[in-house]
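The values are calculated or read from the model by the stated rules, or taken from the named source; none is laboratory data. What you are looking at is a predicted structure, and each value in this text was computed from that prediction instead of being measured. Every residue, glycine among them, receives a Cβ derived from its backbone with ideal geometry; neighbour counts consider all protein chains shown. Ligands, DNA and RNA are stripped out before the accessible areas are found, and what is left, the full protein with its side chains, is counted by its heavy atoms. Shrake-Rupley method; radii C 1.70, N 1.55, O 1.52, S 1.80 Å.
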Amino acid sequence: MNTIKGGVTAAKGFKAAGCEAQIKYKNGKKDMALVYSEKPCVTAGTFTTNKVFAAPVKWDRNIVYNEDFAQAVVVNSGVANACTGVEGDNACAEEAKAVAKVLDVPENAVLIGSTGVIGMQLPVDRICAGIEKLAPMLDASLEAGTQAAEAIMTTDTRSKQVAVEVEVAGTKVTIGGMCKGAGMIHPNMATMLCYITTDCDIDKALLQKMTSAIVDDSFNMISVDGDTSTNDTALVLANGMAGNKKITEEGADYDAFYEGLSYVFTELSKMIAGDGEGCTCLFEVQVKGATTKAEAKTLAKSIVTSSLTKAAIFGHDANWGRILCAMGYSGADFDPEKVDIFFKSEAGELQIVKDGTATDYSEEKATEILSQNPVIAIADVKQGDASATAWGCDLTFDYVKINADYRS
């Protein structure tokens, strides 16, 4: 596997663009993106588990689960098109119609994404004008992919892209992706929009199988604030233009592609967690020695979502009792008197708990370790061979400031 520069335009046959359509603000910010494949793509996707879900989620579920292919994705930021009733559903239809017209693709081959304020109706006239503006801008360049990644941002402080090359049956296959997310992020598909493109030729059912499994170990293992969004969407589009022997069954080729796709998902997940609203560092939690992977995941999620632990990370305070407390109320089965806890960063690694009680560690060294970015907490429950990793961030004053006036 080879990491390369790029995002949604890295794979063969994909073009993208981003522009300002003034969906919510008139401030020069790009707020609409378009991604297009020269050839139809098999698709896979996972979506929010929130019972309150946005109109684009409903639209995309139908296409991913019931249609043979898709060929374009249009995304806006600023307005979520959630809790908008029939008018919101109609807006999706109008968007698809507009994209179909300018790109000469079927309306049911157009995927849709929205992010922003819940409850506001989409300005369909501006959306359609934005689509007409985006179509002639479509390009396969790195810059075009970057513009698309920037256009889907809301409270993100930076765009998020990653791309890799893997070898499948002797053929180079490229996987690239972009995502957005900084707040309203919590495991259960993780709050974000994510779009991954690849030129791999792969069976649709297999693509969905691996996507669901990978999301469970990546986006489902991040948290910023404990809120699961109405708009969570992760889509993978594969156009087959790499020319590899089609992946139709599990085996070496499946595993090679799985590794690359997993890397892209995981790196994007970490980018989201590390850009949590107001945060100063990425907080990674590794749980080792659990009896099952499910138990390890439960423990890791409980630690990474603990507000008290997140606040301690912000304060560079080795308050390990908060970690052990979060493990205790997680519901997982473990013996507290066997737990070892470590803190780790670029400044070194320090064991602060052995068999459930504090070691004679240096508070100064602990503070130095916790003052870096990222910060890693390792909890070894010494009961088995299962492990899991979760990602989050510290909890800061700025998180409250950002979300106190988000609508205005």
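Which residue is most open to solvent (accessible area, probe 1.4 Å), if the candidates are limited to the stretch 109-165 and must be assigned to a loop (DSSP other than H, G, I, E, B) and charged (D, E, K, R)? Looking at residues that are assigned to a loop (DSSP other than H, G, I, E, B) and charged (D, E, K, R), I get Arg158.
Yes or no: the stretch 269-291 includes at least one residue that is more than 15 Å from Gly181 (Cβ to Cβ), of a type outside the set (A, V, I, L, M, F, W, C) and open to solvent by less than 30 Å² (accessible area, probe 1.4 Å). Write out each step before concluding.
Filtering the stretch 269-291 for residues more than 15 Å from Gly181 (Cβ to Cβ) gives 280-281, 283-291.
If we keep only those that are of a type outside the set (A, V, I, L, M, F, W, C) too, we end up with 280, 284, 286, 288-289, 291.
After this cut, where a residue has to be open to solvent by less than 30 Å² (accessible area, probe 1.4 Å) as well, the list is 284, 289.
Yes; the residues of the stretch 269-291 include at least one that is more than 15 Å from Gly181 (Cβ to Cβ), of a type outside the set (A, V, I, L, M, F, W, C) and open to solvent by less than 30 Å² (accessible area, probe 1.4 Å).
Each residue in the stretch 18-76 was checked for being modelled with pLDDT of 95 or more, open to solvent by 60 Å² or more (accessible area, probe 1.4 Å) and among the hydroxyl-bearing types (Ser, Thr, Tyr), and 1 of them qualify.
Of all the residues in the stretch 291-321, those that are over 18 Å from Gln351 (Cβ atoms) and either of a type in the set (D, E, K, R) or outside any helix (DSSP H, G or I) (or both) number 9.
Of all residues in the stretch 311-329, exactly one satisfies the criterion of being buried (at least 16 other Cβ atoms within 10 Å of the Cβ) and among the charged types (D, E, K, R), namely Arg322.
Would you check if Ser269 is of a type in the set (Ser, Thr, Tyr), touching a helix residue (DSSP H, G or I) at 6+ places or on another chain (Cβ under 7 Å) and closer than 24 Å to Asn50 by Cβ?
It is true that Ser269 is of a type in the set (Ser, Thr, Tyr), touching a helix residue (DSSP H, G or I) at 6+ places or on another chain (Cβ under 7 Å) and closer than 24 Å to Asn50 by Cβ.
Total residues in the stretch 353-408 satisfying the condition of being of a type outside the set (Lys, Arg) and at pLDDT below 95: the figure is 19. The number of residues in the stretch 230-255 being under 13 Å from Leu207 (Cα atoms) and open to solvent by 10 Å² or more (accessible area, probe 1.4 Å) comes to 9. Close contacts from the stretch 61-82, counting a first residue that is of a type in the set (Phe, Trp, Tyr) and a second that is open to solvent by 10 Å² or more (accessible area, probe 1.4 Å) and in a strand (DSSP E or B), with Cβ to Cβ under 8 Å and a gap of 6+ residues or different chains, come to Phe69/Pro40; Phe69/Val42. Filtering the stretch 97-108 for residues that are in the same structural domain as Thr248 (by the TED database), in a helix (DSSP H, G or I) and of a type in the set (S, T, N, Q) leaves a non-empty set.
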